[in-house]
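Participant: Handing you a structure now.
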Amino acid sequence: MKMKVAITERELRYEEKSRDTVVEKYETTYDDMYKQLEKLVEERDTLSLFKFIQSDLERQKYLIMTHEWAKAKGLSEMIGFLLKLPGLKVEERYVMYTFLAFSKGISIQGVVDADHPGDLERVIFQVFPAAGGLKDYYFLNTAAHGFPVLMKDDLGKHKTLKDAVKGCEVFLQPGDHAMGLLKPEELTTRVHFEKVYSKIVNSSTFIHLFVDGLARFFRRLTGILRPHSPFDAKRYYEFYFLESDELKGLDIDLDRYMNQIFDLDRRLKERIKEIGNFKYKLKKNYYFFRNWIAKKFKRTTVWNKYLQLNKFESILWRTPIFLQDNELSEYRKEELTQVVFTDDDYIQTIEQLELYIARIERRIDLLKKMSFENQDKYFNLDAINKFADLSVWAKIAVPSAIDTLFNKTLWDWAYPEKAPLGQKIFRVFASPASFFFYKFIQRYLIRKVKA
């Protein structure tokens, strides 16, 4: 599946300025690194050279790759992922991720230090069964700073997700690339406005001046409320998605991983139900608060089954995927699994999950290595061939994009209900802020960017 992203002309100038800021910001870092490398080569310090290559260069490989990509085609290329995931109840879910060459902070000149190469944004879909073989499709755009909006939007009844998003446009919100969809009816409104505007403007010079002034005022007003003003000219870029089945072609079986997670989560829910949901939440929060007070006054903290159950839940949903294997291993070594699981089959499931996460990590490391050292083989992989129209640096970035994906938590993927309490609170403020204060700041900065 492929989609198109729309960027208005003013936002495009802002993007260019932001991209240049990111590139310039990291250029000095790379210059220093290359000078150090040249010095070691000149001195023929073989041992230090090997250490430098194995540590510094390996650690900086991601930034170097995304930096080069941003310089070459940073504005017009995106790598997409469309992952099908199980739902928490009767629904199924999808997450649409895009990996971009650079991220940008709230300011153009780096007053807030949030600019860096590489960025990952997403839209979450929730799909519910409906009559007549159809499904109800809903979506959650990303608000400010990566938080999903509070209220889901409706795409109607369709057979497939491809049908549901047909005619939609993707937008990347000014400021931090927060991602969202514009529905066909919203785009149709824009077309009608443009037709009326064109007829009125061309009718007389006086009306042209009057309407043009009115349009500028309207643009300022709607720029705060909507991602795109009806009078902004747009540019379009297409991007393609790697879907879950195509990830299997890279030996990454997402279905297997998610089935293991949900199997363990089901047993965890059963254990909590045995205690009582209300009692578990009450006791858990009580002991959290008690331990917080105890730490403040350097007293002894409490560690019991309520906190142990919460820790296991946190590992499943609130720990980055590539850290889950180590966390689960520690959990087993401390013999805490007996609090949740009494059946050896579940202990084996945990061990299998640990091994599979480690296997995915090794596979991605192998793909990264192949993308630099064996490019003939790498560029002929079916999944990479899907991105045939992308530049070389964008293709090389695919394994790093997958790696970035698996360094996120599952709640961040598509399960905001499982977020930590602090993140849920921030989401409440971020969602409306993205439509008012945040967008107001971004629109002001965009207007400051001259053509």
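Participant: Report relative contact order for the range 320-430 in percent, whole number only (criteria: Cα-Cα under 8 Å, sequence separation at least 6).
Facilitator: 33 percent
Participant: Here is a follow-up. Please provide three numbers in whole Å: the alpha-carbon extents of the range 309-383 along the principal axes, with the largest listed first.
Facilitator: Sorted from largest, the Cα extents of the range 309-383 read 51, 23, 20 Å.
Participant: Express the relative contact order of the range 360-411 as a whole percentage, based on alpha carbon pairs under 8 Å and six or more residues apart in sequence.
Facilitator: 42 percent
Participant: What FRET efficiency comes out for the pair D31/N291, r = Cβ-Cβ distance, R0 = 41 Å, nearest 0.05? Please report the intermediate quantities before stating the final value.
Facilitator: On the way: r = 48 Å, r/R0 = 1.17.
Efficiency computed from Cβ-Cβ geometry: 0.30.
Participant: Using a probe of 1.4 angstrom, how much of the accessible area of the range 273-408 is carbon and sulfur, in percent?
Facilitator: For the range 273-408, the apolar C and S fraction of the accessible surface comes to 48 percent.
Participant: Using the Cα gyration tensor of the range 273-338, with a ≥ b ≥ c the square roots of its eigenvalues, what is the shape: rounded (a/c below 1.5), prolate (a/b larger than b/c) or oblate (neither)?
Facilitator: Note, shape of the range 273-338 comes out oblate.
Participant: Tell me the per residue accessible area of the range 1-51 using a 1.4 Å probe; a whole number in Å² is fine. Could you put the intermediate results ahead of the total?
Facilitator: Details: 3130 Å² over 51 residues.
Value returned for the range 1-51: 61 Å² of accessible area per residue.
Participant: Would you please state the base-10 log of I(q)/I(0) at q = 0.12, 0.20, 0.21 1/Å for the range 248-405, with intensities from the Debye formula using one equal scatterer on every alpha carbon?
Facilitator: Relative scattering, expressed as log10 I(q)/I(0), comes to -0.67, -1.21, -1.29.
Participant: Find the accessible area per residue for the range 320-393; the probe is 1.4 Å, ligands and nucleic acids are left out, and the unit is Å².
Facilitator: Working: 4140 Å² over 74 residues.
The answer is 56 Å² per residue.
Participant: Something else now. Straight-line reach from K51: which lysines fall under 22 Å, measuring Cα to Cα and dropping same-chain residues less than 8 apart?
Facilitator: List returned: K35, K39, K61, K368, K369.
Participant: Within the range 287-325, name every residue whose backbone N is under 18 Å away from a label modeled 7 Å from Cα of K269 along the Cβ vector.
Facilitator: Residues 309-318 qualify, since their backbone N sits under 18 Å from the label point.
Participant: A further question follows. Using a 1.4 angstrom probe on the protein heavy atoms only, could you order H116, H158, H145 from most to least accessible area?
Facilitator: So the residues, ranked largest to smallest area, are H145, H116, H158.
Participant: Quote the relative contact order of the range 242-351 in percent (integer), defining contacts as alpha-carbon pairs under 8 Å separated by 6+ residues.
Facilitator: Value for the range 242-351: 27 percent.
Participant: Now for a different question. So for each of 381-392, 36-47 I average, over its residues, the number of other beta carbons within 10 Å; can you give me the resulting order with the highest mean first?
Facilitator: 381-392, 36-47
The values are calculated or read from the model by the stated rules, or taken from the named source; none is laboratory data. All values derive from a computational prediction rather than experimental measurement. Backbone-built Cβ (ideal geometry, glycine too); neighbour counts: all protein chains shown. For the accessible areas, the whole protein counts, side chains as well, though only heavy atoms, and no ligand, DNA or RNA atoms are used. Shrake-Rupley method; radii C 1.70, N 1.55, O 1.52, S 1.80 Å.
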